[in-house]
Amino acid sequence: MKSLSPDLQAHLDSGTTTLAWCWRLTRADGVSFGFTDHDRVLAFDSTAFEPESGLTASEIRTGSDLSVDAQDAEGALTSDRISEADILAGLWDAAEVDVWRVNWADPDQRVLMRRGAIGEIRRGQTAFIAEIRSLAHILGQTVGRMFQSSCDADLGDGRCRIDLNDPAFTGTGAVLEPLRDRVFRAAGLGAFDPGWFAFGTVEWDSGENVGRRIEVLSHEVTDGIATLTLLEALVWPIATGDTFTARAGCDKRIETCAAKFANSANFRGFPHIPGQDTILRYATRDGGHEGGVL
């Protein structure tokens, strides 16, 4: 049940309405944007809702069960507020969304219809379609710690306590030769062992991808030249001479935590829990049942 202001209720009861949809999107980096399907800028709640984006909304899909309510918002990629590069870089992933119904003739007459977050984003050649999920999607997320053998901390966070700015875990390099859209040979990392940056990150310091950070899938070294394979392709092609900062990675195993980082005291997993092989074991005649450790 929505609580409407007397003025908005009187406007709805008049039979002739001047209503518009307004969306406020707040990205994870704190930047907010306002859009409307009206043909003029609407301003309220310290936000200017602009029509230039060409953003339009579908009907709201609501069920009587516990499924997540959803709505699609479609916009043009020619907008200078939402670019294909930002979508590919993940800047809009899980952005918070406020959806308002507003009397465009008097924006003080408005009601907040729903809050949610950006879900799946589908892209075409000239436009994008973003799914707006209701707050019910939070009920499907894992809360708290999981009982698992691998570490559930992020390398370098407050629980892990590794300083990734330590020169032992950070290196700078430059692209010598792009091999494929996510594979390249680089100079500057020859002092590091193969695999040192696997599962780590590369942050670009120059080139078209400057400021972007992406995970490393594998790290190989041949004659002092490193070959890095990224987890996914970058927004813009890698170019010879692009510089970057690489940070070490962790595969979340206790053996790696001890040998690579000497940090097993801060390991945040349960490495000694029984595995599935314990459940599947059965008695045999060839020993293994004398009471010793299996």
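Using the beta-carbon distance between I273 and A191 and R0 = 41 Å, what value does 1/(1 + (r/R0)^6) give for FRET efficiency, to the nearest 0.05?
Computed FRET efficiency for I273 and A191 comes out at 0.65.
Can you send over the solvent-accessible area of C151, 1.4 Å probe, protein chains only, in Å² to the nearest 10?
C151 exposes around 20 Å² with every protein chain in place.
Of the trypsin sites (Lys or Arg not before Pro) in the range 146-252, which ones lie in a loop per DSSP and count no more than 15 other C-beta atoms within 10 Å?
Those that pass, being in a loop and sparsely packed, are R159, R161.
Express in nm, to one decimal, how much length is gained between R253 and I225 on full extension, taking 0.36 nm for each residue of separation and deducting their alpha carbon distance.
Here the segment from R253 to I225 would lengthen by 7.4 nm.
Once the piece of chain linking Y282 and W236 is laid out straight, how much longer is it, given 0.36 nm per residue of separation minus the C-alpha distance between them?
Gain on stretching Y282 to W236: 11.1 nm.
How would M146, M113 line up by accessible area, probe 1.4 Å, largest first?
M146, M113
Given a Förster distance of 25 angstrom, what is the FRET efficiency for A43 paired with S3, based on the Cβ-Cβ distance and rounded to 0.05?
Calculated transfer efficiency: 0.65.
So which trypsin sites (Lys or Arg not before Pro) in the range 3-41 are both in a DSSP loop and have at most 15 other Cβ atoms within 10 Å of their Cβ?
Here the trypsin sites (Lys or Arg not before Pro) that fit, given the DSSP loop and packing criteria, are R40.
The values are calculated or read from the model by the stated rules, or taken from the named source; none is laboratory data. Just so it is clear, the model here is predicted, and its values are computed rather than measured. Using ideal geometry, Cβ is built from the backbone for each residue, glycine included, and neighbour counts are taken over all protein chains shown. Surface accessibility is based on the protein's heavy atoms, side chains included, excluding ligands, DNA and RNA. Shrake-Rupley method; radii C 1.70, N 1.55, O 1.52, S 1.80 Å.
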